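Taking it in order: structure first as structure tokens, then the write-up.
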Amino acid sequence: MTAIGEETAAAAVGAQMHALVERLYPLCRSITGDGVRATLDIVGEHLPLQVHEVPTGTQVLDWTVPQEWNIRDAYVADASGRRVVDFAASSLHVLGYSVPVAATMPLSELRPHLYTLPDQPSLVPYRTSYYQPQWGFCLAQETLDALPEGDYEVRIDSTLADGHLTYAEHVVPGRVADEVIVSTHVCHPALANDNMAGVAVAVFLAKELAKRDNRYTYRFVFAPGTIGAITWLARNAERIDQVEHGLVLACAGDRGRLTYKQSRRGDAEIDRVLRHVLAVSERPHEIREFTPYGYDERQYCSPGFDLGVGSLSRTPYAGYPEYHTSGDNPDFVTPEALADTLAVCREAFAVLDRNRRYRNLSPYGEPQLGRRGLYDSLGGRSDAKQAQLAMLWVLSLSDGEHSLLDVAERAALPFDTVAAAADALRGAGLIKE
Amino acid sequence: MTAIGEETAAAAVGAQMHALVERLYPLCRSITGDGVRATLDIVGEHLPLQVHEVPTGTQVLDWTVPQEWNIRDAYVADASGRRVVDFAASSLHVLGYSVPVAATMPLSELRPHLYTLPDQPSLVPYRTSYYQPQWGFCLAQETLDALPEGDYEVRIDSTLADGHLTYAEHVVPGRVADEVIVSTHVCHPALANDNMAGVAVAVFLAKELAKRDNRYTYRFVFAPGTIGAITWLARNAERIDQVEHGLVLACAGDRGRLTYKQSRRGDAEIDRVLRHVLAVSERPHEIREFTPYGYDERQYCSPGFDLGVGSLSRTPYAGYPEYHTSGDNPDFVTPEALADTLAVCREAFAVLDRNRRYRNLSPYGEPQLGRRGLYDSLGGRSDAKQAQLAMLWVLSLSDGEHSLLDVAERAALPFDTVAAAADALRGAGLIKE
Amino acid sequence: MTAIGEETAAAAVGAQMHALVERLYPLCRSITGDGVRATLDIVGEHLPLQVHEVPTGTQVLDWTVPQEWNIRDAYVADASGRRVVDFAASSLHVLGYSVPVAATMPLSELRPHLYTLPDQPSLVPYRTSYYQPQWGFCLAQETLDALPEGDYEVRIDSTLADGHLTYAEHVVPGRVADEVIVSTHVCHPALANDNMAGVAVAVFLAKELAKRDNRYTYRFVFAPGTIGAITWLARNAERIDQVEHGLVLACAGDRGRLTYKQSRRGDAEIDRVLRHVLAVSERPHEIREFTPYGYDERQYCSPGFDLGVGSLSRTPYAGYPEYHTSGDNPDFVTPEALADTLAVCREAFAVLDRNRRYRNLSPYGEPQLGRRGLYDSLGGRSDAKQAQLAMLWVLSLSDGEHSLLDVAERAALPFDTVAAAADALRGAGLIKE
């Protein structure tokens, strides 16, 4: 594909991802309930999904699956019956997991149930109370300031009842059973970057991987944050040993530079690969150390699991003023940023998938490459010298300790050149895994 | 205690330490003899001491306890009988361990026995000859220059005879038998910073520790330099394994910045703690690598023992012009510097004493803190967010490998916050040692 | 020897080395043949050599000893019979390993057999075709440009026939059988820096070592590049375990700064020693990481052997415009540069030969040095303080883990001072290997 062809394709896929974000955006997601199911239905139009329903009360690691929350309508209406806060306008307006309420009360009594952002008076905050029964509304400080004293009708038509926690998986099979997991949270209501952008990148990454010949099996996990990842981990105890690498996608579509947060190990192969790909791509980016707060890397990297799972974002967790507010809407996310995040995932997994450790089968002195046609076969190509150096480097470092990525970094050669050299040497029987 | 209260207390204890330095200063200490005993008597007014007397001739490691040296009077008198050099004026005036002499001789014959500092003509040097029998006087170059030729009466009324080497210990018991030793030398005559300042800080540190609930047992060793530490090591072979950490205090009271000299290991826990405490305190300070010269850390860190013993000074060993001269007098030492050195010891031992390695008992995913009241209990405090982060960090790093100090440094949180989080988590049964 | 005496001696040996380069320069060396034998004959005038002749067809590691190549005459003559390219003028003019040819052909047919450097039109390139049968001539682009079209007589009077590969060894015996190898390639025709300079330095280094009392046995290998080193390795399989350290000498005489290329291990003792010697000498120099291209360190450091062999050059492999051209002639090499390279070898091997790991036999506390006369014996010397510090450092670090070079670097003391301190301590029975 030419560079211009690649740009056109990137623009097209960026637009498709942005359209998906826009479509998913308004749904009222939470950690359980029909909003998650509706989200997965739309994802399912792109990818075949295995949807899991886990009953309320199921013990998952240290946690218990909570009651399922669903909501049909909610509002605050003034004395004239006008809805001054209306769930129909934005699913952000209701405190997540609000218990039902139907009452009329003076503003003074209502105030403790109203959440605003005094420092960002035009924005609606995102708030939840999953594990303590409460009800409440989120609104702009400006809206609140405009409310006259007096009585208001308050209504939240929600149910909290035994039901299920819903998550889904999509698997792209590879040549080996060892897995790479790509995990993205699907629990937030009307927020675009956090995290319908992550969902969109995951969806289109899965589509691309399906067209490649992959060594690893790639498992995509679409699950509510925290409790969803914990549920997945609890129900996949026997699979954990197969999880070789993983990536959490979150806040993947804003205009900021890319941020890779390393796994708890800090030197996991996924960390090495992302650092390499971001460095050689010369994109502006930041590499962060692991911290035990953020997204579901917290669970995958908890010390008992300690998986090689990093997290790729643009502006990371809690790092932008619009974070967890109505400012995180589809305009905050761009097709270009989505396409760029997807490109980095593509490049990183291309390296990860081919990054092997070889053993030089002719390690005493250099093998005579000319006799095997490994010089001749390259003689006519303009990159012949690099290819030849790459072969010498692969032979020198293939002692079972160094991966091809190690070779590429040590030799300051492109990974592709090194991987191609390794293919040629393997073809000649000079190295093996 | 308020900040002003702390300042007042620091000023008070600084003044008390300085008064102790002034009182101890004039005594004629050496590596044996009544000057050491008199010094320990005064220390004993502050702390109960166990005083040890080790007979001359006792084999201690590679060394032998020497004869005991005592001195009653010494002078050089001119033809008129005027004492031009007089031990009564300063115990520095006699070469340490001088053999007795009573003679009259011309200045030309006396000169080889006179020690001066030509480059610091107003100062009296400190000189000794412990292991080669000699006699001599130390005086200012200016004094020497003023002496006319002619006969002088020379008298040193000293005895070198079988006796004892004297050292003392004070123990602050802790909850465990593992020990922290604090060692300070008591062998130098009229020198204030080297080392009555170290003695004063040790005394007041011991008093403070006695008021705390300590995990470790703290053992204070007041012993002559080199031979005293060697004697202690020789007589405590069975105890060495219990010595977990140690600190040598020397030159602890001058106006210079603090200097911490690391143990031979360089990464002993005491090294980590002092580096941390000095760094976060934002005091001007210097961290030095171990060298096999200096004070008694040389003995504790000899390769056979290789204990985790560092050394805390202000301007270190041989680092100031007044070093080992009459310029190192009580004016060279300040109450503020003594109080500051004591404060660092206090802060360091507060960290050391609580610095444990824990194991997360719920390491698979994050434990649900809310259910255990670990969010609620903190909700009302202004430092709630830091406390919550500290709990997440302790849970993440409590794999038996990381100490609380590791957590504090990795998380960039105050050690106290981390230790409090660990206490809360231990209380909830989520971690254990 | 005084500094002036040293300078005079350096100038004398520099001149002798340069004279040897000039004498060896014109011979037509290749990887086999009489040019190598003639070269070794001249080396043999300086050093007794063991010359090895390995028959064509011998399997050596992954390679096979090729047919022997010899050449008596070669030229391109124009229609008038004038030799426009003449082997007699320079052995560079013939493509190495050219098969015989005797023909007359138009220039157009001859051109594909002519090698020039269009970017360096006055220089003759050096080209070979060892493993693909070809014939050709190397000449200046200027010469080629001046040739009129027309017929030319072409003649190469060479033979390619079963014979031998020739290499030689010279051994300087030491007190132990463990060996240091010094390897230098003897395969290039009329090139001075690459590598008659390396040969000259090796020859004079061997002469100097023969006058010293050496711990190690030093083995000098004069062999053709690549296939020669491979042959030596193949024929010395049983000796490899005795090879403790090694140095490849190449491009050792140009005006550039010194370059040390580290072994594949990067932390081999030879690497440590060369880094140290170059650093303390304050010569301008460069330390390079290992790369699997260059000279015969490629073979010694192939992953199956992975020997501690580095490479010392001035301007390294392919690093100067005259590289592998007629510009690399004796004027390109200077007596001063040759003497300087030799001096670094001398200094490095002086450190390497004495660099031992000792064990302190009195590791509990400091041993009493005064009792053993180790203070007294030094008292009168101006370097007494350094010597005393060196003893304390050797005692402190002699735990079997640290070499004397480690001590010198940690203590920031000259290696000689540290080695002398170790000798004194060993003499007193305080340390042993």
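Tally Lys/Arg at +1 and Asp/Glu at -1 over every other residue whose Cβ is under 14 Å from the Cβ of B:Glu179; what's the total?
So the surrounding residues net to -3.
I want to check the label-to-label distance for C:Asp406 and A:Arg212. Put each point 7 Å from Cα in the C-beta direction and report it in nm to one decimal.
4.5 nm
Need the per-residue list for the range B:327-374: every residue with at least 50 Å² less accessible surface in the complex of protein chains than in the chain by itself, probe 1.4 Å, sorted by number.
B:Tyr364, B:Gly365, B:Glu366, B:Gln368
How far is helix B:415-427 tilted off the main Cα axis of chain B, in degrees rounded to 10, range 0 to 90?
50 degrees
In chain A, what residue has the beta-carbon at the shortest distance from the axis of the rotation relating A to C, and what is that distance in angstrom, rounded to the whole number?
Residue plus distance in Å, as requested: A:Asp267, 11.
Net charge near A:Leu165, counting Lys/Arg +1 and Asp/Glu -1 over other residues with Cβ under 10 Å of its Cβ?
-2
Specify whether the C-alpha gyration tensor of the range A:340-433 places it in the rounded, prolate or oblate class, a ≥ b ≥ c being the square roots of the eigenvalues: rounded for a/c under 1.5, otherwise prolate if a/b is larger than b/c and oblate if not.
Cα axes put the range A:340-433 in the oblate bin.
Compute for chains C and A the buried accessible surface, both sides summed, probe 1.4 Å, and express it in Å² to the nearest 100. Write down the numbers at each step before the final one.
Working: alone 18320 and 18320 Å², together 34990 Å².
Answer for the C-A pair: about 1700 Å² buried.
Considering Cα pairs under 8 angstrom that are at least six residues apart, work out the relative contact order of chain B and quote it in whole percent.
For chain B, the relative contact order is 17 percent.
For chain B, just list the percent of Cα-Cα distances falling in each 10 Å bin from zero outward, please.
Result returned by the calculation: 4, 20, 27, 22, 13, 7, 4, 2, 1, 0.
How tilted is helix A:3-24 with respect to the longest principal axis of chain A? Cα atoms for both, answer in degrees (0 to 90, nearest 10).
30 degrees
Under Stokes-Einstein, with the Kirkwood radius over Cα pairs standing in for Rh, what whole-number D in µm²/s applies to the range B:324-363 at 10 °C and 1.306 mPa s?
This corresponds to a translational diffusion coefficient of 118 µm²/s.
For the pair C:Ala161 and B:Arg175, what calculated FRET efficiency results from E = 1/(1 + (r/R0)^6), where r is the Cβ-Cβ distance and R0 = 56 Å, to the nearest 0.05?
0.05
Under the rule of -39500 (n - 2.57) per DSSP H run of 4 or more residues, summed and divided by the residues of chain C, what mean residue ellipticity at 222 nm is obtained, to the nearest 500 deg cm²/dmol?
Working: 13 runs with 141 residues, N = 433.
Using -39500 (n - 2.57) per qualifying helix, the result is -10000 deg cm²/dmol.
Rule-of-thumb check for the range C:133-228: C-alpha Rg over 2.2 N^0.38 Å? Please list the in-between numbers first.
On the way: Rg = 20.5 Å, N = 96, 2.2 N^0.38 = 12.5 Å.
Against the compact-globule rule of thumb, the ratio is 1.65.
Enter the mean number of other protein chain beta carbons within 10 Å of the beta carbon of each residue in B:302-308, as an integer.
5
Is the C-alpha gyration tensor of the range A:170-324 telling us rounded, prolate or oblate? Criteria: a/c under 1.5 is rounded; beyond that, a/b larger than b/c is prolate, otherwise oblate.
The shape class here is rounded.
Quick one: what do you get for the range A:151-198 if you divide its Cα Rg by 2.2 N^0.38 Å? Can you show the working numbers first?
Details: Rg = 18.4 Å, N = 48, 2.2 N^0.38 = 9.6 Å.
Here the Cα radius of gyration is 1.92 times the empirical estimate.
If I model a spin label as a point 7 Å beyond the Cα along the Cα-Cβ vector, how far apart are those points for A:Glu142 and A:Arg265 in nm?
Here the answer is 5.0 nm between the modelled labels.
If we restrict to alpha carbons, what Rg and Dmax does the range A:201-264 come to, in Å?
Cα radius of gyration and Dmax of the range A:201-264 are 13.6, 39 Å respectively.
Quick one: Kirkwood hydrodynamic radius for the range A:252-306, alpha-carbon pairs, angstrom, one decimal?
12.0 Å
Would you mind checking the tilt of helix C:197-210 against the longest principal axis of the Cα atoms of chain C, expressed as 0 to 90 degrees and rounded to 10?
The helix C:197-210 is inclined about 40 degrees to chain C.
Probe of 1.4 angstrom, ligands and nucleic acids ignored: what's the accessible area per residue over the range B:179-287, in square angstrom?
Details: 2990 Å² over 109 residues.
On a per-residue basis, the range B:179-287 sits at 27 Å².
Over all directions, the average projected area of the alpha-carbon convex hull for the range B:1-88 comes to how many nm²?
Spelled out: convex hull of the Cα atoms, projected over all directions, averaged, 10.5 nm².
Between the alpha-carbon centers of the range A:403-433 and the range C:338-375, tell me the distance in whole angstrom.
The range A:403-433 and the range C:338-375 have Cα centres spaced 44 Å from each other.
Determine the dipole magnitude for the protein assembly as shown: charges of +1 sit on the beta-carbon of Lys and Arg, -1 on that of Asp and Glu, nothing else is charged, the reference point is the Cα centre, and the result goes in debye to the nearest 20. It would help to have the intermediate numbers written out before the result.
Numbers: 120 positive and 171 negative charges, 343 e Å.
Here the protein assembly as shown has a charge dipole of around 1640 debye.
If you roll a 1.4 angstrom probe over the protein chains with everything in place, what fraction of the accessible area of the range B:132-177 belongs to carbon and sulfur, to the nearest %?
50 percent
Rg to Rh for the range A:308-387: what is it, with Cα atoms only and Rh by Kirkwood?
Rg divided by Rh gives 1.28.
Evaluate 2.2 N^0.38 Å with N set to the residue count of the protein assembly as shown, then give the Cα radius of gyration divided by it. Mind showing how you got there, number by number?
Working: Rg = 41.0 Å, N = 1299, 2.2 N^0.38 = 33.5 Å.
Computed over Cα atoms of the protein assembly as shown, the ratio equals 1.22.
Please state the Cα pair-distance histogram of the range B:66-157 with 10 angstrom bins from zero: what percent is in each bin?
Per 10 Å bin, starting at zero, the Cα-Cα P(r) for the range B:66-157 comes out as 17, 54, 26, 3 percent.
Using the Cβ atoms and a cut-off under 10 Å, what net charge is assigned to the surroundings of B:Asn355, where Lys and Arg are +1 and Asp and Glu are -1?
Local charge sum for B:Asn355: +2.
Classify the range B:23-70 as rounded, prolate or oblate, taking a ≥ b ≥ c as the square roots of the eigenvalues of its Cα gyration tensor: rounded when a/c is under 1.5, otherwise prolate if a/b is larger than b/c and oblate if not.
It is oblate, given that a/c is not under 1.5 and a/b is not larger than b/c.
Given a 1.4 Å probe and every protein chain left where it sits, what share in percent of the accessible area of the range B:1-77 is carbon and sulfur?
57 percent
What is the calculated FRET efficiency for C:Gln134 to C:Glu53, with r their C-beta to C-beta distance and R₀ = 25 Å, to the nearest 0.05?
Working: r = 26 Å, r/R0 = 1.04.
In this case the efficiency is close to 0.45.
Between copies, how far does the label point of A:Gly319 sit from its twins, in nm, shortest first, when each point is 7 Å from Cα along Cα→Cβ?
4.1, 4.1
The values are calculated or read from the model by the stated rules, or taken from the named source; none is laboratory data. Keep in mind it's a predicted model, so treat the numbers as computed, not measured. Cβ atoms come from the backbone with ideal geometry, glycine included; neighbour counts cover every protein chain shown. Note: areas computed on protein heavy atoms with side chains; ligands, DNA, RNA excluded. Shrake-Rupley method; radii C 1.70, N 1.55, O 1.52, S 1.80 Å.
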